[in-house]
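Colleague: Below you'll find the structure I mean.
The values are calculated or read from the model by the stated rules, or taken from the named source; none is laboratory data. Keep in mind it's a predicted model, so treat the numbers as computed, not measured. Neighbour counts run over all protein chains shown; Cβ positions are idealised from the backbone, glycine included. Surface areas here come from the heavy atoms of the whole protein model, side chains and all, with no ligands, DNA or RNA. Shrake-Rupley method; radii C 1.70, N 1.55, O 1.52, S 1.80 Å.
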Amino acid sequence: MNKKIKWGILSTANIGTGQVIPAMQKGQFTEIVAIASRNLSKAKETADQLGILKAYGSYEELLADISVDAIYIPLPNHLHVEWSIKCLEAGKHVLCEKPIALNADDVKKLIDTRDKTGKKISEAFMVRSHPQWLKALDLVNKGELGEIKAVQGFFSYFNNDSANIRNVEEYGGGSLWDIGCYPINTSRFIFNEMPRRVVAITENDPEFNVDRLASAILDFPSGQAVFTSATQLSPYQRMSIFGTKKHMEIEIPFNSPIDKPTRIFINDTVTRDEERTVVELNACDQYTHQGDNFSQAIINDSEVPLPLEDSLINTATIKAIFESAKTGQWVNISI
Ligand SMILES: NC(=O)c1ccc[n+]([C@@H]2O[C@H](COP(=O)([O-])OP(=O)(O)OC[C@H]3O[C@@H](n4cnc5c(N)ncnc54)[C@H](OP(=O)(O)O)[C@@H]3O)[C@@H](O)[C@H]2O)c1
């Protein structure tokens, strides 16, 4: 039998209980052994529902559990850095939800703590473990589309609940931190470059004072990416990649369902049927892949799927987008 990494879960967050925990319970290299909440009865109830052995009524107790190898952190955005550092210093490996930090200096602090403690840490951009994105990159790298010159992305949903963490300014709310981070991350993945500069426009919700609509252009050395993210629009998501020979679209790029095959359309908009291709990949759960990939990096002492150096570029890009939206100017990205 495979060695399994023993995971603890920090909080009863919806993303954990609804998706990531059930997915990791199916993993080959992951075992969920404990969950912590600020409220013991909530922790116990969740542990019972999900079949988790241990429940703690404080986050500190989970960090002190010597049977736990690694901790998954799905806290509100403003708590990611503080608790990632505490977990690393408690000797735990860390998989922290996106955005792992709200400024580049904090990512540098995490890098220092990682290097000091020797523990592994990664931002939970689950899409980077999804076979459909690995396939898309493979097609790009094989030159299937020719030279990649443009990437276009869109990600939106409707949520105007004032109590939701996404609508709380001091928690790091807004569309860019919550979902704009995905088209940025995947555009960078496809270009395999760091954007040089960005220009952007945002619209804030007048009550919440967080961006509810954001559009940006990212200037890469090889081409251009544009995207829109929005928290008060009808739900939609799509990523399109344009090369000199062909174009391709990832049908459901970020929240692909676990019970249906995923599809990549190549040349979908051309008029001749014989030039169109649909690449279909088996149904899978990207959160299971994410947990297994990270756990294997621990077991084999190899590089994590998404090192903090990648998070540093993503975080710096989002900050530059905010600055451009404020000043109306192009902003260079420096890390
Ligand atoms: N990768 C993805 O697909 C994905 C999808 C959705 C969300 N996320 C990320 O996951 C994180 C959590 O999102 P979510 O929607 O699942 O959050 P959520 O349901 O609101 O849960 C957040 C949890 O954090 C704990 N918490 C500690 N301090 C808190 C505070 N001051 N206010 C509110 N909650 C506090 C609470 O757990 P206890 O009461 O148990 O302590 C709460 O249940 C975010 O960073 C988000 O960006 C990622």
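Colleague: Consider segment 297-326. How many of its residues are more than 18 Å from Phe227 (Cα to Cα) and open to solvent by 70 Å² or more (accessible area, probe 1.4 Å)?
Modeller: Number of matching residues: 4.
Colleague: Another one. Pull out all pairs, ordered by first then second residue, where Cβ-Cβ is under 7 Å, the residues are six or more apart or on different chains, the first lies in segment 69-81 and is more than 10 Å from the ligand (Cβ to nearest atom), and the second is among the acidic types (Asp, Glu).
Modeller: Val81/Asp106
Colleague: Just to be sure before I move on: is Ile266 more than 16 Å from the ligand (Cβ to nearest atom), open to solvent by less than 20 Å² (accessible area, probe 1.4 Å) and assigned by TED's automatic domain parsing to the domain that holds Val140 in the structure I sent?
Modeller: yes
Colleague: Right, something else. Given the conditions (1) free of Cβ contacts under 8 Å to residues at least 40 places away in the same chain; (2) more than 16 Å from the ligand (Cβ to nearest atom); (3) not aromatic (Phe, Trp, Tyr), report the number of the one that Asp161 does not fulfil.
Modeller: The number of the failed condition is (2).
Colleague: Quickly run through segment 208-224 and pick out the residues that are surrounded by fewer than 18 Cβ atoms within 10 Å (Cβ to Cβ), in contact with a strand residue (DSSP E or B) (Cβ under 8 Å, 6 or more places away or on another chain) and in a loop (DSSP other than H, G, I, E, B).
Modeller: If the condition is that a residue be surrounded by fewer than 18 Cβ atoms within 10 Å (Cβ to Cβ), in contact with a strand residue (DSSP E or B) (Cβ under 8 Å, 6 or more places away or on another chain) and in a loop (DSSP other than H, G, I, E, B), then Ser222 is the only one that fits.
Colleague: Within segment 127-147, is there a residue that is away from the ligand (no atom under 14 Å from the Cβ), small (Gly, Ala, Ser), under 24 Å from Asn293 (Cβ atoms) and modelled with pLDDT of 95 or more?
Modeller: yes
Colleague: Sticking with this structure for a sec: Scan segment 30-37 and give yes if some residue there is assigned by TED's automatic domain parsing to the domain that holds Asn300, under 23 Å from Leu110 (Cβ atoms) and charged (D, E, K, R), otherwise no.
Modeller: Checked segment 30-37: no residue is assigned by TED's automatic domain parsing to the domain that holds Asn300, under 23 Å from Leu110 (Cβ atoms) and charged (D, E, K, R).
Colleague: Which of the residues spanning segment 266-304 are among the charged types (D, E, K, R) and not in a loop (DSSP other than H, G, I, E, B)?
Modeller: Across segment 266-304, the qualifying residues are Asp273, Glu274, Glu275, Glu280, Asp292.
Colleague: Among (1) in a loop (DSSP other than H, G, I, E, B); (2) among the β-branched types (Val, Ile, Thr); (3) crowded, with 16+ Cβ neighbours inside 10 Å, where does Ile66 come up short?
Modeller: The one condition Ile66 does not meet is (3).
Colleague: Turning to a different aspect of this structure: Which condition from (1) away from the ligand (no atom under 12 Å from the Cβ); (2) touching a residue at least 24 places away in the same chain (Cβ under 8 Å); (3) of a type outside the set (Val, Ile, Thr) is the one that Leu53 breaks?
Modeller: (2)
Colleague: Sort out which residues of segment 112-143 are of a type in the set (A, V, I, L, M, F, W, C), touching a Leu at 6+ places or on another chain (Cβ under 9 Å) and either assigned to a loop (DSSP other than H, G, I, E, B) or under 23 Å from Val68 (Cβ atoms) (or both), and write them in order of number.
Modeller: Ile121, Ala124, Phe125
A quick yes/no check of all residues on (1) of a type in the set (A, V, I, L, M, F, W, C); (2) modelled with pLDDT under 95; (3) assigned to a loop (DSSP other than H, G, I, E, B):
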residue	(1), (2), (3)
Trp7	yes, no, no
Gly18	no, no, no
Ile21	yes, no, no
Ile35	yes, no, no
Lys42	no, no, no
Ile52	yes, no, yes
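Colleague: Look at segment 6-21 and say how many of its residues are more than 13 Å from the ligand (Cβ to nearest atom) and either free of Cβ contacts under 8 Å to residues at least 40 places away in the same chain or open to solvent by 70 Å² or more (accessible area, probe 1.4 Å) (or both).
Modeller: Adding up the residues that qualify gives 1.
Colleague: Here are some conditions: (1) under 24 Å from Lys245 (Cα atoms); (2) open to solvent by 10 Å² or more (accessible area, probe 1.4 Å). Tyr157 meets all but one. Which one does it not meet?
Modeller: Unmet condition: (1).
Colleague: Something else: Take the conditions open to solvent by less than 20 Å² (accessible area, probe 1.4 Å), within 16 Å of the ligand (Cβ to nearest atom) and over 18 Å from the mean Cα position of the chain (by Cα) and apply them to Asn185. Does it pass?
Modeller: No, not satisfied.
Colleague: Quick one: Lys98 ticks every box in (1) of a type in the set (D, E, K, R); (2) within 16 Å of the ligand (Cβ to nearest atom); (3) assigned to a helix (DSSP H, G or I) except a single one, so which number is it?
Modeller: Every condition holds for Lys98 apart from (3).
Colleague: Across segment 111-138, what is the number of residues that are surrounded by fewer than 20 Cβ atoms within 10 Å (Cβ to Cβ), touching a residue at least 40 places away in the same chain (Cβ under 8 Å) and closer than 22 Å to Leu281 by Cα?
Modeller: 3
Colleague: Now, a different point. Somewhere in segment 274-281, is a residue open to solvent by 40 Å² or more (accessible area, probe 1.4 Å) and within 28 Å of Asn167 (Cα to Cα)?
Modeller: Checked against the condition, which is being open to solvent by 40 Å² or more (accessible area, probe 1.4 Å) and within 28 Å of Asn167 (Cα to Cα), segment 274-281 yields no hits at all.
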